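Worksheet for the structure shown next.
The values are calculated or read from the model by the stated rules, or taken from the named source; none is laboratory data. Fair warning: this is a prediction, and the values are worked out from it, not measured in the lab. Quick reminder, even Gly has a Cβ in these numbers, built from the backbone with ideal geometry, and neighbours come from all protein chains shown.
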Amino acid sequence: MWLDKLKEAYSEERRTYHNLDMLCEKLNHYHDIKSNLKNPQALLLALFFQNFEYDPKVIDEENKNLEHFNIFAEEAGIPVDSDLREEICALLKVVATHSTEAHKVGGAFGSEDAHYFLDLDMAVLGSASENYAEYRGKIRGEYVFLSEPMYTALRLKVLQNFVQIPNIFATKEFREKFEVQARENIQTEIELLS
């Protein structure tokens with residue numbers, strides 16, 4: 001039942017980026033770093049519920065996704081006070097901030113599951129330039145309700161935030177693999193939008 005719900009949610013037509021393809025890409029990266037995780041099961045379940053409900057017009061979708069996970073957990077018999085449930089809830093809550101101290105301090109690295117969770121979300125920023133161009137188009141597709149000037153202003157604000165933080169990626173593995181390319185991609189997009 002929940003697998004069907006997840007497939008249905010991630011297959012909504014308006015999801016041009018936050019869809020099953022994106023989830024599969026994250027799962028590919030997840031398998032690369034799984035052995036580094038303290039609780040791979042918690043991170044995996046958090047990945048599935050992170051964008052269960054996705055609508056860029058909604059401000060508190062993180063809370064709604066947390067509610068969906070808690071309903072799932074009740075039905076699956078995961079006790080409220082279990083470490084697994086608490087860790088998944090903590091991961092789903094960290095998404096709202098999109099950063100940790102390891103992102104804000106130059107030279108600092110994170111190795112907690114929350115760091116990997118956020119890095120999985122940002123990995124697309126460090127993709128090959130042609131893949132990043134495709135990603136840009138898909139993200140724009142999810143914001144069709146905004147006029148071009150409004151979208152450009154919003155997107156530039158997001159991109160400028162990435163340029164200003166010392167580290168886009170918190171973990172050593174993701175930073176070494178994606179940081180340089182991510183900064184190049186972001187700079188290119190800023191130039192295209194300016």
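Within region 1-20, being surrounded by 11 or more Cβ atoms within 10 Å (Cβ to Cβ) and out of contact with any helix residue (DSSP H, G or I) (no Cβ under 9 Å at 6 or more places or on another chain) holds for one residue alone: GLU12. Selection within region 140-194: residues that are of a type in the set (S, T, N, Q) and touching a residue at least 40 places away in the same chain (Cβ under 8 Å). The member of this set that is farthest from LEU125 (Cα to Cα) is THR152. One residue is enough: does region 108-120 have a residue meeting the conditions touching a Phe, Trp or Tyr at 6+ places or on another chain (Cβ under 7 Å), over 29 Å from PHE69 (Cβ atoms), at pLDDT 95 or above and not hydrophobic (A, V, I, L, M, F, W, C)? So far as region 108-120 goes, no, none of its residues is touching a Phe, Trp or Tyr at 6+ places or on another chain (Cβ under 7 Å), over 29 Å from PHE69 (Cβ atoms), at pLDDT 95 or above and not hydrophobic (A, V, I, L, M, F, W, C).
If you go through region 139-176 and keep only what is part of a helix (DSSP H, G or I), more than 19 Å from THR16 (Cα to Cα) and touching a helix residue (DSSP H, G or I) at 6+ places or on another chain (Cβ under 7 Å), you end up with LEU156, LEU159, PHE162, VAL163, GLU173, PHE174.
Among the residues making up region 77-91, those that are hydrophobic (A, V, I, L, M, F, W, C) and in contact (Cβ under 8 Å) with a residue 12 or more places away in the chain are LEU84, ILE88, CYS89, ALA90, LEU91.
In this structure, does TYR132 turn out to be surrounded by fewer than 18 Cβ atoms within 10 Å (Cβ to Cβ) and within 19 Å of THR188 (Cβ to Cβ)?
On the way: surrounded by fewer than 18 Cβ atoms within 10 Å (Cβ to Cβ): no; within 19 Å of THR188 (Cβ to Cβ): yes.
When the stated conditions are applied, TYR132 does not pass them.
If the condition is being in contact with a Phe, Trp or Tyr (Cβ under 9 Å, 6 or more places away or on another chain), of a type in the set (S, T, N, Q) and not in a helix (DSSP H, G or I), then region 1-39 contributes only ASN19.
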